[in-house]
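Beneath this line is the structure, given in structure tokens, with notes to follow.
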Amino acid sequence: MKNRKFIKKAIKYFVSIILFILSVIPFWILAVNATRSTEQIQQGFSMIPSHFISFNYEVLTGRGFGFYRGFANSMFISTSFTLVVLYFSAMTAYALVVYEFKGKKVLFSIIAFVLMVPAQLSLIGFYKMMLNAGLTDSYIPLILPGLASPATVFFMRQYLLSSFPITLVQAARIDGATELSIFHKIGLPLMKPGLATMGIFTFVGSWNNLIVPLMLISTEDKYTLPMLVQLLKADIYRTEYGSIYLGVAMTILPLVLVYAAFSKFIIAGVALGGVKE
Amino acid sequence: MKRTLSLLLVFVMLFSLVGCGNTATPEPTEKQAETVATEPTANKGDTLVVWTFTDELKGIIENYYEKNNDLDYKIEVVVVPNENYQSKLDPALGSGKAAPDVFAVEAAYAKKYFNSKYTKDLRTIGIEPTEIPVMQYVKDVATTENGELKGLSWQATPGAYFYRRSLAEKYLGVSEPEDVQPLLADFDKFYNAALTIKEKSNGETAIISSLGDFTKVFKADRGEGWIVDNKFTIDPKIEELMEIGKKFTDEGLTNDAEQWSETWFASMSNDEVFGYFLPTWGLHYVLKTNAENANSGDTTAGDWAMVQGPAPYFWGGTWLTMREGTEMEQAAYDLINYLTLNEEFLTTYAKESGDFLANMNVVENVKDTYADEFLAGQNQYAMFAEMAKGIDATTMTGSDLDIDELFDEQLKAYTKGEKNKEDALESFTSSVKDAFPNLDY
Amino acid sequence: MELTKSKKKRKGGIANYSKYGQMFAIPFIIGFLLFQLYPIIYTITLSFTDLAGWETELNFVGFKNYIHILHNDHFLRALKNTWIIWGMNFIPQLLVALILAKWFTDNAVKIKGEGMFKAIFYLPNIITAASLAILFNSLFGFPHGPINQILIHFDVLQEPFEFFRSKPGTRIIVAFIQFWRWYGSTFIILCAGIMGINPSLFEAAKIDGASDWKIFTNITLPLLKPITLYILITSLVGGMQMFDIPFLLTGGGPDYAVETGMIYVYNQAFTGNRNFFMSATASVVLLLIIMVFSALIYYVMNKDKRKVSR
């Protein structure tokens, strides 16, 4: 018995370490390339850092790479978008699980349908619509569509289906709580692990989103970080790969930090604190 | 299967007929041109919006245009990287909302915009093509079938073949450009030279790095472009290119690299590759920057020389064009006029940047002042000026970027032995049909 | 089934709560109407026209495009590629994620640094596809890329192998990148699902002397059904829409081996003659395929659920 446990542990270590290496290597390469000159990168691959990081940084900022500005913009957009997505998706999912109402089936069908619509498909129509509505160069089309995020609603619904104790809601009603406050005080806290999971995915997705902001935003003051990095490619003659890598690394860094903060929820497993009977 | 295909073909043809009626007929603006006043209308807004895909134009506007002119409006330059440029530009032009007043287009797709109704004929606002000292091919690119002039450029980008003097001395026995050029003057000679180099170097040195290096030159040598009178056309030169490409690959006359890959750059600083086909900007921004090995510091600078090679060609280039219906017509005109025709500015700019220009008066004035140490003292400017005269841009079409890409894929498949020639050509034609159902076949 | 019935009965008694369900769904509906309905209708409309290039007028042609596209070898090839690559990435992805989720929620086999490992597995997902594509391009570069050098060094290969000219080679690389980008998030979702299961169920089973494996197959898996359904459907949706990695890595090559349905959609709309009608038709067909298979998965999973709950 003990032996078997030991072997199990050994296999677990082994697989985990391999996956660990696979996960970390690209970050290492990114970091290394951020310290190498464009010519070094163009002429060959290396895992050993070089000494061009300050040069790359100069090129980066010399091109008007307003890192802090871009950072603030990205932070604002991604945070707002994530909050909108999480709050309203939780609300919709809660409605789907807790209430019986007319049109529930229709609503669920709409959610499932929108989930399946290829994103690329909507892009042209979306852009045209925003042009006609005069909403280009504005953050509204980057944040408000979060109101209807079918994947998150779908996930939260599935999550609640597998774990939500409906009896708590009924008990709260007897205590005289309003429906909205039941949602806030019982629904949301119970959804925390699920929301944290979706929160990370949503935030990362929004932070890395390039195409939509690139199509819509034209004023440089409003550029997001990935747009600024992409802008480094806007030199037909010569691409400064060293500074692009540095830019990418600097773009990823905040994400890693945000992720580290969020991931506590997942790792610690704040699982359904309210239902432990 | 064949029947379905032919049915499809009929459909496609029917379809393209319908399509033609709607799209391919250019707007009959020519008559208007003679009656309408030849002056731009006054500005109706307070901001001139310029879209471009490089920071080069942005720099020129900020460092020269805005500094030297007292403008009573703002200029907003929006830089959109090339890969997303057209997808952002097209809907904006179509809707006319949030659209630029002036925008830059690149050679690879310039004609798409010049042939559309969204660009203004510069003749209608006082730029007469016959009276301006701009190189013929630069004007040709921007001229439509009806003779409208839809754009102008400040630069010209003729291409050359850059080779290593020391390797030429070693393997060909001569090193000076005037002695080397005769050995490379057409593709047969180029092939023979490639064989000699390979043999004498024991396969250590290849005449080109990538097959992609000379497809551009070969295509420039064609009699007809991909599309002639709305009909998809494969010039006999294309099959020749496939043959010679296959020969080069099979006999190991290239360095087996992909253009813009690590190996391609790396052999600029070692002896694996004899030379590169590159245009004006390629000399300054590709070759010069990579001639020094970034790790060891070994350099090939000073060992290079340039010749025309087998055929004159050009590569890249940025044109400026004005949106039809802009509210800032005067400002747009002023900008284009200044950047492409103001000789005082252009002279300063040529001297400060070394960029090769399209304005012949300026080129004549400055060309004798250059001697590039990188090329062991050769005057690249004067040579480019000579080469530019031989460029023929008439085979260029607005669809070259896409069709070239589809062709290059099959060229690779064929030269690398994945397919035979017939299959490769068939795949090519079929993919062009899929992308361009509007053409005749 | 019985469970839902009894739920209905319970709620049926308190009729006036139903309006809250509708109220809570209003923001979603508004977002949907404002930002998603129009683009969807617009695309579906385009698929019945012949809009291309600079045209702006809609000229309706009926079902012609749909008849065309079903005979279009290029599109069919793209569909086939999509399924192949998705299968190659999804099956290992789900298996690995399930195994990891079992390991990492199992208190019996705890290892050091568990939390860190858990967090790290998701990391590949936060690098943008564009950076990943550049990275893998140089890793598998020909002839002097690091992978080639390593393989030659260890005598696996005699001479450099051009990965991106090999159809199976490129497909495997694309599938691997997809796998590697997404197994972490699948793993996290599964963990969240497992942790959502009432712990008293596990404890009870343990007291009854059930083995680890028994608990996993008899309690964890059945209770994970809703989450697994979510993973299956979102992965199918994502897989059928696979675009950025193959597009940025090779543009769909060599010889269209990794040209997916979505790349076809993109190329039709943004390159060539810009055949918006074909692009729209292809995406509607993709949408239909996704819907049919999602419905199928949904049906099969729910059928299973009924069996299990009995």
- Message: With the condition being free of Cβ contacts under 8 Å to residues at least 24 places away in the same chain, within 12 Å of chain C (Cβ to nearest Cβ) and surrounded by fewer than 19 Cβ atoms within 10 Å (Cβ to Cβ), I'd like the helices (runs of 4 or more DSSP H) fully within segment A:1-109 carrying at least 1 qualifying residues.
- Response: A:2-34, A:67-98
- Task: Go through (1) closer than 21 Å to residue B:362 by Cβ; (2) at pLDDT 90 or above; (3) touching a Leu at 6+ places or on another chain (Cβ under 9 Å); (4) away from chain A (no Cβ under 14 Å) and name the single condition residue B:129 misses.
- Result: (2)
- Query: Here is a list of conditions, (1) surrounded by fewer than 17 Cβ atoms within 10 Å (Cβ to Cβ); (2) within 14 Å of chain A (Cβ to nearest Cβ); (3) over 24 Å from residue A:44 (Cβ atoms), and residue B:315 meets all of them except one; can you say which number that is?
  - Reply: (1)
- Message: residue C:198 - would you say it is without any contact (Cβ under 8 Å) to a residue 24 or more places away in the chain and closer than 20 Å to residue C:226 by Cα?
- Response: yes
- Expected single match for crowded, with 19+ Cβ neighbours inside 10 Å, under 24 Å from residue B:374 (Cβ atoms) and either modelled with pLDDT under 90 or more than 24 Å from the chain's Cα centre (by Cα) (or both) among B:277, B:265 is B:265
- Residues satisfying the stated conditions in segment B:290-341, i.e. closer than 25 Å to residue B:44 by Cα and part of a loop (DSSP other than H, G, I, E, B): B:324, B:325, B:326, B:327, B:328
- Tell me which of these residue C:133 doesn't satisfy, since it passes every other one: (1) more than 10 Å from every other protein chain (Cβ to nearest Cβ); (2) of a type in the set (A, V, I, L, M); (3) within 21 Å of residue C:227 (Cβ to Cβ). (3)
- Query: Residues C:205, C:210: which one is away from every other protein chain (no Cβ under 12 Å), part of a helix (DSSP H, G or I), of a type outside the set (S, T, N, Q) and surrounded by 13 or more Cβ atoms within 10 Å (Cβ to Cβ)?
  - Reply: C:205
- Query: Would you pick out the residues in segment C:240-262 that are more than 9 Å from every other protein chain (Cβ to nearest Cβ), modelled with pLDDT of 90 or more and under 15 Å from residue C:289 (Cα atoms)?
  - Reply: C:260
- Task: May I ask you to list the residues in segment B:429-441 that are surrounded by 22 or more Cβ atoms within 10 Å (Cβ to Cβ), assigned to a helix (DSSP H, G or I) and in contact (Cβ under 8 Å) with a residue 40 or more places away in the chain?
- Result: B:432
- Item | Tally of residues being buried (at least 21 other Cβ atoms within 10 Å of the Cβ) and either under 26 Å from residue A:163 (Cβ atoms) or more than 7 Å from chain C (Cβ to nearest Cβ) (or both) across segment A:124-135 | 2
- Note on the structure: residue B:405 meets each of (1) within 24 Å of residue B:160 (Cα to Cα); (2) part of a helix (DSSP H, G or I); (3) of a type in the set (Asp, Glu); (4) more than 14 Å from chain C (Cβ to nearest Cβ) with one exception, condition (4)
- Taking segment B:288-318 and keeping only residues that are over 24 Å from residue B:404 (Cβ atoms), touching a residue at least 60 places away in the same chain (Cβ under 8 Å) and of a type in the set (Ser, Thr, Tyr), one is left with B:300
- Message: Pull out all pairs, ordered by first then second residue, where Cβ-Cβ is under 9 Å, the residues are six or more apart or on different chains, the first lies in segment B:379-394 and is of a type in the set (Asp, Glu), and the second is crowded, with 16+ Cβ neighbours inside 10 Å and in a helix (DSSP H, G or I).
- Response: B:392/B:137; B:392/B:220
- Scan segment B:94-123 for residues that are crowded, with 23+ Cβ neighbours inside 10 Å, of a type in the set (A, V, I, L, M, F, W, C) and over 17 Å from residue B:145 (Cα atoms) and jot them down. B:102, B:103, B:104, B:105
- Query: Quick one: residue C:293 ticks every box in (1) outside any helix (DSSP H, G or I); (2) out of contact with any Phe, Trp or Tyr (no Cβ under 8 Å at 6 or more places or on another chain) bar one, so which box is it?
  - Reply: (1)
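The values are calculated or read from the model by the stated rules, or taken from the named source; none is laboratory data. Model, not experiment: these values are computed from the prediction. For neighbour counting, all protein chains shown are included, and Cβ atoms are generated from backbone atoms with ideal geometry for every residue, glycine included.
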